[in-house]
Amino acid sequence: MQHATEITSGNKLHKRVLNMLRLVLGLTVLSVSISDSFGQSRNEPTANQAPKTEQGTTQDKRGTKNTPVTVNVVPTAEQQTASEKETAEAKIKASREEKLITYTGDLVLVGLVQFLVFVLQLIAFVVQATYMRRSAEEMRKTTEAAEKVSRDQIAHSHQIERAYMSCGGVPARRRQDEPGTYGGIVVKFILTGEFEVHVNNHGKTTGEFMQIAIGFCDATNIPLEPTYHPEPFHDWIGPGTQSRPMLWKKIDPPNASAVYGRIYYRDIFGECHDSGFLQDIRPDGSSFALKGPPAYTASN
């Protein structure tokens, strides 16, 4: 490569030298022509000979067709140094370009590897997220199922262990002793015109009596909806209690043939409940349950 560069530089310099020589020869010929013309106008023989001699000399320097002039151009030390410097710079530039290409290729390869790693990480992240979502969903379902079982067990336990209270009653009577024959005593029970309310607890735990509502109506014309006016009445009713008299309510109107009522209580778990009843009132003082609208007998 260095040799080719030297040849090219030598050719360029050779051409430049040849052009300069041609220019010098052309100026010389022009000068000789002017001198010949000037000598002939003065008719001086000696002047005519001088130009001929110079012309002949000039023709010899230019050469002829058969014997052309050959010029050997030898580069100077400075030109040789400049050529070597250009060659070295060209090598350095080529080396840098080669290194740049190699470095660029390495960067592209690293970029591809990083992209592949990113894709693999993305796939792993998606798979992990999907697995975690499914695990969380399964855990949620398992937790909900366990909570439901626990709630059901607690509710079942409450249903078994809580108080179950009900009420009813009979027309109130009072004892009246009257003298009998032969000095004896006759015991009679006289209706007092009141209704004696009884309370029961069929559950396994104590119930807290909170309120009570008692009303009277005609057994042959029972309203579709009862009219309750709850009154505070607090007491504790133990488990297994049956027909415990709680209070006495005046039958109003006196000729009422039916009584209805509802009690409100709370169990040991803090839940509130209520229970109702509907009974007839007979003239002889007996009382039995009546069939009526569910609103009267429904329990909670």
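The values are calculated or read from the model by the stated rules, or taken from the named source; none is laboratory data. If you're wondering where the values come from, they're calculated on a predicted model, not measured in any experiment. Here Cβ is always computed from backbone atoms with ideal geometry, including for glycine, and neighbour counts include all displayed protein chains.
Here ASN255 fulfils each of the conditions (1) outside any strand (DSSP E or B); (2) in contact with a helix residue (DSSP H, G or I) (Cβ under 9 Å, 6 or more places away or on another chain); (3) not small (Gly, Ala, Ser) apart from (2). Looking only at residues of the range 247-295 that are among the β-branched types (Val, Ile, Thr) and touching a Gly at 6+ places or on another chain (Cβ under 9 Å), we find that the one that is nearest to LEU224 (Cα to Cα) is VAL259. Checking each residue of the range 278-295 against the condition of being more than 59 Å from the chain's Cα centre (by Cα), β-branched (Val, Ile, Thr) and over 11 Å from GLY168 (Cα atoms) gives at least one match. Looking across the range 228-238, the residues that are part of a strand (DSSP E or B) and touching a Gly at 6+ places or on another chain (Cβ under 9 Å) come down to TRP236, ILE237. Consider ALA172 carefully, then state whether it is on the phi < 0 side of the Ramachandran plot, aliphatic (A, V, I, L, M) and outside the structural domain of SER243 (by TED's automatic domain parsing). So ALA172 fails the test.
Residue-wise test of (1) more than 17 Å from TYR164 (Cα to Cα); (2) crowded, with 19+ Cβ neighbours inside 10 Å.
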| residue | (1), (2) |
| --- | --- |
| GLU194 | yes, no |
| THR220 | yes, no |
| LEU224 | yes, no |
| ILE237 | no, yes |
| TRP248 | yes, no |
| ILE251 | yes, yes |
| ASN255 | yes, no |
| GLY261 | no, yes |
| GLY270 | no, no |
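For the range 274-290, does any single residue satisfy the condition of being of a type outside the set (Asp, Glu), in the same structural domain as GLY169 (by TED's automatic domain parsing), surrounded by fewer than 18 Cβ atoms within 10 Å (Cβ to Cβ) and not in a loop (DSSP other than H, G, I, E, B)? Checked the range 274-290: at least one residue is of a type outside the set (Asp, Glu), in the same structural domain as GLY169 (by TED's automatic domain parsing), surrounded by fewer than 18 Cβ atoms within 10 Å (Cβ to Cβ) and not in a loop (DSSP other than H, G, I, E, B). State yes or no: is SER166 free of Cβ contacts under 8 Å to residues at least 60 places away in the same chain, hydroxyl-bearing (Ser, Thr, Tyr) and not in a loop (DSSP other than H, G, I, E, B)? So SER166 fails the test. Of the listed requirements (1) exposed (fewer than 15 other Cβ atoms within 10 Å of the Cβ); (2) touching a residue at least 24 places away in the same chain (Cβ under 8 Å); (3) part of a loop (DSSP other than H, G, I, E, B), THR241 misses just one: (1). Of the residues in the range 205-226, at least one is closer than 27 Å to ILE154 by Cα, in a loop (DSSP other than H, G, I, E, B), at pLDDT 95 or above and under 54 Å from the mean Cα position of the chain (by Cα). The C-beta contact set for the range 274-300 (first residue within 11 Å of GLY261 (Cα to Cα), second residue of a type in the set (Val, Ile, Thr), distance under 7 angstrom, 6+ apart or interchain) comprises ASP274/ILE263; SER275/ILE263; GLY276/THR297; PHE277/THR297; LEU278/THR297; GLN279/VAL259.
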